[in-house]
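Trainee: Once you've had a glance at the structure underneath, I'll fire off some questions.
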Amino acid sequence: MLTSKDIACVVVLYNPDETIAMNIRRYSNAVGRLVLVDNSSDNHSEMLEGMDYLPLMENTGIAHALNVGIEHLSEEYIITMDQDSLLSSDVVEAYLKFLNHHDSSTVGAMTCQYETDRHHARKKGGFENVKLSMQSGTIFKRSVLQKTGAFDERLFLDVVDYEYFLRMEQMGFGLIRINDAVLEHHPAETHEKLGIKYGVASPLRYYYQARNLLWTARKYHSAELYRRLLIKWAKILLLFDDKKEYLRMFRQGIRDAREGRLGKYVQDPDRNSDL
């Protein structure tokens with residue numbers, strides 16, 4: 001029987017503060033081993049003293065940081081976490097219940113529900129097949145990662161999880177959502193307009209989202225990712241105040257996706273013309 005000691009966890013950091021450090025300490029004992037991979041340009045080892053800490057000393061992107069953390073560990077089962085999520089022993093136990101009582105030979109990863117200030121999730125028992133989820137709070141199998149390949153570092157930020165899950169599905173492995181696993185997650189700043197709560201990130205994030213959604217949608221012929229891309233565009237038009245800068249970066253993302261120009265965004269005057 002698997003126990004929590006058989007599960008490891010990778011947490012990706014970026015300019016963490018004391019609150020983040022405290023939250024990680026709160027759930028560090030929920031798994032057997034935990035490693036922190038820091039994408040910041042500064043070293044935060046003093047704040048995270050006593051923890052397995054890997055400073056990269058630059059922003060290498062979420063995919064690279066995840067890959068570094070996974071390679072650093074040896075466990076078969078690995079939960080990946082964003083710094084704005086809070087893991088609980090209940091989530092780990094829900095995963096263990098599935099692993100110990102069901103055949104998971106064709107399962108590539110197991111994911112959870114997400115409790116946010118914009119969406120309330122409740123435990124409802126059972127599990128179901130899903131196509132997409134976030135990587136934060138998801139548990140991956142090393143044996144499947146070895147077959148499918150690591151997270152695609154060319155995407156740098158955003159859609160890294162979607163691309164992996166679509167690649168995983170293409171290779172015959174399923175993604176299962178465990179409905180009793182509910183993760184506390186705090187994504188992007190929440191705004192409200194016309195009675196609608198929505199998240200707002202930087203224009204640069206919308207560049208990555210537009211670029212990576214389109215590039216991945218084209219690669220896997222995913223109607224769902226095209227739909228999500230359209231929703232992102234509509235959200236800017238209908239809800240955002242600073243539409244000009246967001247639309248400029250969004251258009252640049254679309255252009256770079258069409259040209260297959262991936263990696264970390266670099267400011268280039270030749271790339272700033274409208275489509």
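Trainee: In terms of modelled amide H atoms, which long-range or inter-chain residues lie less than 5 Å from the amide H of LEU54?
Mentor: LEU36, VAL37, ASP38
Trainee: Between ARG122 and THR106, what is the spin-label point distance in nm, taking each point 7 Å from the Cα along the Cα→C-beta axis?
Mentor: 3.3 nm
Trainee: What is the distance, in nm, between label points placed 7 Å from the Cα along the Cα-to-Cβ direction at LEU239 and at GLU58?
Mentor: 3.5 nm
Trainee: For a distance above 24 Å, tell me the whole-number percent of Cα pairs in the stretch 1-106 that qualify.
Mentor: Result for the distance tail: 23 percent.
Trainee: By the scheme Lys and Arg +1, Asp and Glu -1, what is the net charge of all other residues having a beta-carbon under 9 Å from that of ILE78?
Mentor: Net local charge, ILE78 excluded: 0.
Trainee: Anything over 19 Å Cα to Cα? Flag those among LYS124/LYS193; LYS5/LYS123; LYS193/LYS243, in the order listed.
Mentor: Exceeds cut-off: LYS124/LYS193; LYS5/LYS123.
Trainee: Quick check: residue separation of GLN267 and ASP84 times 0.36 nm, minus the Cα distance between them. What number comes out in nm?
Mentor: 63.1 nm
Trainee: Now for a separate question. Exposed loop sites here are GluC sites (Glu not before Pro) in DSSP loop states with at most 13 other C-beta atoms within 10 Å. What is the longest stretch of the chain lacking them?
Mentor: 59-258
Trainee: Let me ask something additional. Can you bin the stretch 95-218 into rounded, prolate or oblate? Criterion: square roots of the alpha carbon gyration tensor eigenvalues sorted a ≥ b ≥ c, rounded for a/c under 1.5, prolate for a/b above b/c, oblate for the rest.
Mentor: oblate
Trainee: On to the next question. Under a cut-off of 16 Å between alpha-carbon atoms, report the lysines in cross-link reach of LYS244, not counting same-chain residues fewer than 8 places apart.
Mentor: LYS232, LYS235
Trainee: Tell me the carbon and sulfur percent of the accessible area for the chain, rounded to whole percent, probe radius 1.4 Å.
Mentor: 50 percent
Trainee: Further, regarding this structure: For the stretch 7-125, with every protein chain kept in place, what is the accessible area per residue (1.4 Å probe, Å²)?
Mentor: 45 Å²
Trainee: Still on this structure: Over all directions, the average projected area of the alpha-carbon convex hull for the stretch 101-160 comes to how many nm²?
Mentor: 5.6 nm²
Trainee: Assigning unit charges at the beta carbon (Lys, Arg +1; Asp, Glu -1) and nothing else, what dipole magnitude in debye, to the nearest 20, does the stretch 70-122 show about its Cα centre?
Mentor: That gives a dipole near 240 debye.
Trainee: Separate question: Equivalent-ellipsoid semi-axes (√(5λ), Cα gyration tensor) for the chain, whole Å, largest first?
Mentor: Semi-axes, largest first: 30, 22, 19 Å.
Trainee: Report, in debye and to the nearest 20, how large the dipole of the chain comes out about its Cα centre when Lys and Arg carry +1 and Asp and Glu carry -1 on their Cβ.
Mentor: Rounded to the nearest 20 debye, it is 1280 debye.
Trainee: For an R0 of 25 angstrom, estimate the FRET efficiency from the Cβ-Cβ distance between ARG154 and ASN29 and round to the nearest 0.05.
Mentor: Approximately 0.10, to the nearest 0.05.
Trainee: What's the local net charge at ASN59, with K and R +1, D and E -1, over the other residues with C-beta under 14 Å away?
Mentor: -3
Trainee: Please report the net charge: other residues with Cβ closer than 12 Å to the Cβ of SER222, K and R +1, D and E -1.
Mentor: +3
Trainee: OK, next. For the stretch 156-161, what does the Karplus curve 6.51 cos²θ - 1.76 cosθ + 1.60, with θ = phi - 60°, yield as ³J(HN,Hα) per residue in whole Hz, taken in order and with x for Gly and Pro?
Mentor: These are the phi-based 3J(HN,Hα) values: 6, 8, 6, 6, 4, 5 Hz.
Trainee: Express in whole angstrom the spacing between the alpha-carbon centres of the stretch 38-98 and the stretch 185-247.
Mentor: 26 Å
Trainee: Skipping prolines and chain starts, which residues have an amide H placed within reach, meaning under 5 Å, of the one on ALA121, given they are 5 or more residues away or on another chain?
Mentor: Long-range HN contacts for ALA121: THR116.
Trainee: Let me ask another. Hey, what do the phi angles of the stretch 226-232 turn into as Karplus ³J(HN,Hα) couplings, whole Hz, using 6.51/-1.76/1.60 and θ = phi - 60°, x for Gly and Pro?
Mentor: Karplus-based 3J(HN,Hα) across the stretch 226-232 equals 4, 4, 5, 5, 5, 5, 4 Hz.
Trainee: Count the DSSP beta bridges whose two residues both fall in the chain, then state the antiparallel fraction as a percent rounded to the nearest 5.
Mentor: So the antiparallel bridges in the chain amount to around 40 percent.
Trainee: Follow-up. Dipole size in debye (nearest 20) for the stretch 13-95 around its Cα centre, Lys and Arg Cβ +1, Asp and Glu Cβ -1?
Mentor: Value, rounded to 20: 140 debye.
Trainee: Rounded to the nearest 500, what is the chain's calculated 222 nm mean residue ellipticity when only DSSP H runs of at least 4 contribute -39500 (n - 2.57) each, over all residues?
Mentor: Using -39500 (n - 2.57) per qualifying helix, the result is -12000 deg cm²/dmol.
The values are calculated or read from the model by the stated rules, or taken from the named source; none is laboratory data. All values reported here derive from a predicted model rather than from experimental measurement. All Cβ positions, even for glycine, are placed from backbone atoms using ideal geometry, and neighbour counts span all protein chains on display. Just the protein is used for accessible areas: all its heavy atoms, side chains included, with ligands, DNA and RNA removed. Shrake-Rupley method; radii C 1.70, N 1.55, O 1.52, S 1.80 Å.
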